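Data block below; observations after.
The values are calculated or read from the model by the stated rules, or taken from the named source; none is laboratory data. Computed from a prediction, not measured in an experiment: that's the story for all the values here. Counting neighbours? That spans all protein chains shown, and the Cβs are built from the backbone with ideal geometry, glycine included. Accessible surface is based on the protein model in full, side chains and every heavy atom, while ligands, DNA and RNA are left aside. Shrake-Rupley method; radii C 1.70, N 1.55, O 1.52, S 1.80 Å.
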Amino acid sequence: MKISKKDALTWFQFFAELPEDEPLMPRQQELAYAVFAQIEDAVDARNERLMKEIPGLKTLKGRTCYVGGEDRFPKGCLSCLMGTGLSAIRKTNKCNLNCPFCYDYGEMDAIPPIGEGLWEIGGTKFYERDLPLLLSVQKHPTGVSYVYLEPFMEIEKYYGIIRTFHEAGVHQHLYTNGTLATPETLRALGEAGLDELRFNLGASGCSDQVIALMATAKKYIPQVGVETPMTPAFYKAFLQKKQAVLDTGIDFINCAELHLNPNNIDNYAGESLYLCRQGYVSPIWSREITFAIMRMAAQEGWNLVVHDCSNHTKFARDLNLRAKEGGWFGASSYGCEFDRMPYAAFLPVLQDDSLSFLEEEELPHGYRPGELVF
């Protein structure tokens with residue numbers, strides 16, 4: 001049903017007032033899904049218009065969008081979208097920062113440790129001495145990534161495992177906010193065989209120190225880039241430091257569409273949100289910032305890749321990974337991160353006059369405000 005924006009607001013105000021333990025009835029669920037579809041269709045139409053304004057926009061077999069030369073496209077993303085997926089290696093359960101966009105916001109002191117001397121690979125705990133066994137028994141992934149949370153809290157522990165995977169020919173990339181890195185540790189990572197280093201530049205507010213370290217990293221590590229959620233705060237800081245960032249010689253900027261979970265959604269209260277495929281919840285402005293940076297890069301001829309790491313890209317990533325794992329047709333782990341949908345969080349977008357539904361129609365009998373809906 002093509003519910004009107006007025007009716008959508010009325011129903012979502014009602015849903016927002018329901019007790020947390022009271023589920024929606026089937027017809028109420030239909031209404032909720034209709035509202036989410038209307039919002040998503042309007043957002044998609046706006047995004048399509050913005051994409052048409054980007055010169056030289058390219059796609060990777062329909063799985064993602066980018067501008068720039070193919071030779072600088074991050075190989076870790078190729079592994080994620082075209083290879084055997086994003087194999088995460090977890091070690092460090094601490095971080096030195098507390099970013100409002102972090103999925104673990106407010107939970108930093110409750111993140112469980114992996115265990116002394118252990119690494120989590122594929123959900124299994126390994127000692128570093130177990131890696132020859134793992135590599136001799138199972139098929140090597142096209143790439144692995146070091147995540148969770150800030151590796152430079154104990155970066156010296158990473159050199160040995162990086163060296164082992166390098167000798168096995170596995171592409172490796174690592175995420176960092178960059179604030180704890182030093183020229184010495186960056187050089188050690190390069191000597192160990194790290195292929196790619198990604199700086200969350202938004203975490204430091206585009207600090208001069210981190211930008212300088214990005215240039216240093218490029219001396220020792222084959223591919224260096226930025227990967228950070230697109231927020232208005234980052235965009236403002238980036239515009240002020242744009243030339244300094246470009247002068248570092250980095251290879252790419254991965255513009256991550258910010259998606260929200262129960263930990264960080266309150267930090268974006270009052271923003272216009274949308275629900276993507278009944279999965280990720282994101283502020284509408286996040287991907288619009290991506291398109292603004294991509295358009296700027298294309299028009300100004302930046303010598304790097306700007307990659308649209310959107311909710312669509314993450315959906316394609318999960319489809320690819322499940323297919324490579326032998327999953328059934330259509331299998332994916334993509335889904336919603338809320339046990340109960342936060343209907344109140346969508347009231348601002350339904351009150352946002354700048355976003356209009358593409359098509360509206362009167363609700364059928366039994367679905368109209370004031371009627372009893374089961």
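Computed quantities for the displayed model
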item	result
Flag if Ser282 is open to solvent by 10 Å² or more (accessible area, probe 1.4 Å), touching a Leu at 6+ places or on another chain (Cβ under 7 Å) and either at pLDDT 95 or above or among the charged types (D, E, K, R) (or both)	no
Glu300 being of a type in the set (Asp, Glu) and within 23 Å of Gln223 (Cα to Cα)	yes
Yes/no for Ser272 being farther than 23 Å from Met82 by Cβ and open to solvent by less than 10 Å² (accessible area, probe 1.4 Å)	no
Per-region count, the stretch 111-136, residues modelled with pLDDT of 95 or more and open to solvent by 70 Å² or more (accessible area, probe 1.4 Å)	10
Members of the stretch 29-56 found to be more than 17 Å from Tyr274 (Cα to Cα) and open to solvent by less than 20 Å² (accessible area, probe 1.4 Å), listed by number	Ile54
Residue that is over 27 Å from Gly106 (Cβ atoms) and of a type in the set (Ser, Thr, Tyr), where the choices are Ser282, Ser310, Ser332	Ser332
Index of the failed condition, Leu321 passing every other in (1) of a type outside the set (Lys, Arg); (2) over 30 Å from Phe15 (Cβ atoms); (3) open to solvent by less than 60 Å² (accessible area, probe 1.4 Å); (4) modelled with pLDDT of 95 or more	(4)
In the stretch 62-95, residue surrounded by the fewest Cβ atoms within 10 Å (Cβ to Cβ) [restricted to those that are at pLDDT 95 or above and at positive phi]	Gly62
Tabulated pairs, the stretch 346-358, first in contact (Cβ under 8 Å) with a residue 60 or more places away in the chain and open to solvent by 20 Å² or more (accessible area, probe 1.4 Å), second of a type in the set (Asp, Glu) and assigned to a loop (DSSP other than H, G, I, E, B), C-beta under 8 angstrom, 6+ apart or interchain	Pro348/Glu271
Identity of the residue in the stretch 138-160, of a type outside the set (Lys, Arg) and open to solvent by 50 Å² or more (accessible area, probe 1.4 Å), that ends up nearest to the chain's Cα centre (by Cα)	Thr142
Residue identified as open to solvent by 60 Å² or more (accessible area, probe 1.4 Å) and over 27 Å from Ala88 (Cβ atoms) among Glu337, Glu300	Glu300
Those helices (runs of 4 or more DSSP H) lying entirely in the stretch 1-118 with at least 2 residues without any contact (Cβ under 8 Å) to a residue 60 or more places away in the chain and of a type in the set (A, V, I, L, M, F, W, C)	26-51
Filter result (assigned to a strand (DSSP E or B) and without any contact (Cβ under 8 Å) to a residue 60 or more places away in the chain) within the stretch 277-293	Tyr280, Ser282, Pro283
The stretch 256-269 residues that are without any contact (Cβ under 8 Å) to a residue 12 or more places away in the chain and more than 29 Å from Val305 (Cα to Cα), paired with ones that are outside any strand (DSSP E or B) and of a type outside the set (Lys, Arg) (beta carbon under 9 Å, 6 or more apart)	Asp266/Tyr105; Asp266/Gly106; Asp266/Ala345
Neighbours by Cβ (under 7 Å, 6+ apart or cross-chain): first from the stretch 306-322, without any contact (Cβ under 8 Å) to a residue 12 or more places away in the chain and in a helix (DSSP H, G or I); second among the small types (Gly, Ala, Ser) and open to solvent by less than 20 Å² (accessible area, probe 1.4 Å)	Arg322/Ala331
Condition broken by Gly370, with the remaining ones in (1) over 23 Å from Glu271 (Cα atoms); (2) open to solvent by 30 Å² or more (accessible area, probe 1.4 Å); (3) in a loop (DSSP other than H, G, I, E, B); (4) touching a helix residue (DSSP H, G or I) at 6+ places or on another chain (Cβ under 8 Å) satisfied	(4)
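For (1) within 29 Å of the chain's Cα centre (by Cα); (2) within 21 Å of Ser354 (Cα to Cα), each residue gets a yes or a no:
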site: Ser4; (1), (2): no, yes
site: Asp7; (1), (2): no, yes
site: Gln13; (1), (2): no, yes
site: Leu24; (1), (2): no, no
site: Gln28; (1), (2): no, no
site: Leu57; (1), (2): yes, no
site: Lys61; (1), (2): yes, no
site: Thr64; (1), (2): yes, no
